[in-house]
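Take a look at the structure below.
What follows draws every value from the coordinates through simple rules; no lab data is involved. Quantities reported herein were computed from a predicted structural model and do not represent experimental measurements. Positions of Cβ are backbone-derived with ideal geometry, glycine not excepted, and every protein chain shown enters the neighbour counts.
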């Protein structure tokens, strides 16, 4: 099974590209969705996070992780962020591997791993191609500021917590420049997708 590793940074437009693949009928295994499911309902993960970061990261029900509170805590503290990744990332990686096996058993011959930490999280050697959704830093900041209820300080903390997109470029097979119009981005996607289908 051909596995495309789709990555980017906050505000780069990776989610739009992921949606484009889904509309093409390509199954997408979404790392962020898996994280949300772990934080919302996996009792072992929740218990380990509470033991590490305290009960104030729980939501009002006391049964789920409040992602905003946890995010504010870890993105301002590199040591805490690394500890969070040590807890979460191996679980996410294992689930993604299993989901790929399930898709292959169903007869799919291509899938996308949508993962912001594809390179940093140790998955780059498990995919056949790395596709990076790239935009300049100033575009990242403006897009996130217009979309999320985050301060500029929070946005910059989150950008700095991820590998720089220009550094990711050096490790990627395909770079999709999403700094222009969506029409321009779609044209790049169509071209690259056509190439892999006809190789």
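Take every Cα pair under 8 Å whose residues are at least 6 apart in sequence, average their separation, divide by the length of the chain, and the relative contact order is 35 percent.
The gain in end-to-end length when the residue 105 to residue 61 segment is fully stretched comes to 12.0 nm, 0.36 nm per residue minus the alpha carbon separation. The gain in end-to-end length when the residue 164 to residue 184 segment is fully stretched comes to 4.9 nm, 0.36 nm per residue minus the alpha carbon separation. Computed over the range 1-133, the alpha-carbon pair-distance distribution with 10 angstrom bins reads 12, 40, 32, 15, 1, each value a whole percent. Does anyone have the angle between helix 182-197 and the longest principal axis of the chain? Alpha-carbon axes, 0 to 90°, nearest 10? So the helix axis and the longest Cα principal axis differ by about 70 degrees. Per residue, the Cα convex hull of the range 89-134 amounts to 72 Å³. Here the calculated FRET efficiency for residue 197 and residue 87, from their Cβ-Cβ distance with R0 = 45 Å, stands at 0.70, rounded to the nearest 0.05. Straightening the chain between residue 129 and residue 145 buys 2.7 nm, computed as 0.36 nm per residue apart minus the Cα-Cα spacing. The alpha carbon centroids of the range 37-98 and the range 135-190 are separated by 24 Å.
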